[in-house]
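Take a look at the structure set out below.
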Amino acid sequence: IQNELKGYPCIPIKETLSDRKQICVSRSFSSPINSLEDLNQAIIKYVLIASGKLRRYNQLSSAITVFTNTSIHSKDFFKSEATEKIYIPTSSSKIMLNKSLLLTRKIFKPYKKLIKAGVILHDLQSNKYKQNLIFNEQDIQDELNLENLDSVIDNINTKNGKDTIGWGSSMIEEEWSP
């Protein structure tokens, strides 16, 4: 301790960051929502943020969870979540969007005033060692095309500002935004 206080480092400082175990993007809404369309828009926005983080951290995800809930102070408190495994780990926004929209339909319950929703990407791994299906060249080419598309969208948004270009309904102005 005495040497440390004098400015002599005794234990080296690790400068490498450990890989993330999961990525969660969730927000509370400015006002409660009760339609599937609004929940879909929110989940789409959160998936795009989470998949962008995956690519920034050079990681791939093997599972996705979508969740939502009402106020914990309401009489009819409702909380729901659904998870789906992704058999070939990916950071593709398109694949994540397809999975998340299916999960959103599973967790949505009409007439519930939802105040929060989110997305969790699990089972993260480095993108250095990506496992593909050996015998299906079409899937490999499709995956490369999706990676290029995500790269182009990320580059445009980095150069010209957040949400300059995006995916479909993620560009719609929403009233529920926090």
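Taken together, the values in this text are just the output of simple stated rules run on the coordinates, not laboratory data. Everything numeric here is computed off the predicted structure, so don't read it as measured data.
In the structure shown, do any of 21/99; 45/159; 21/109; 113/162 have a Cα-Cα gap over 27 Å, and if so which?
Table pairs above 27 Å Cα-Cα are 21/109; 113/162.
Just want to confirm a number: the relative contact order over the stretch 1-110, from Cα pairs under 8 angstrom separated by 6+ residues, in percent.
Taking the mean separation of contacting Cα pairs over the length of the stretch 1-110, I get 27 percent.
So what's the projected area for the stretch 48-97, the Cα convex hull averaged over all directions, in nm²?
The Cα convex hull of the stretch 48-97, projected and averaged over all directions, gives 4.2 nm².
Would you pull out the residues with amide H under 5 Å of residue 86's amide H, same chain only if 5 or more places away, H placed 1.01 Å from N?
Result for residue 86 returns 63, 64.
Compute the Kirkwood hydrodynamic radius of the stretch 20-59, taking the inverse of the mean of 1/r over all pairs of distinct Cα atoms, and give it in Å to one decimal.
Evaluated on the stretch 20-59, it is 11.4 Å.
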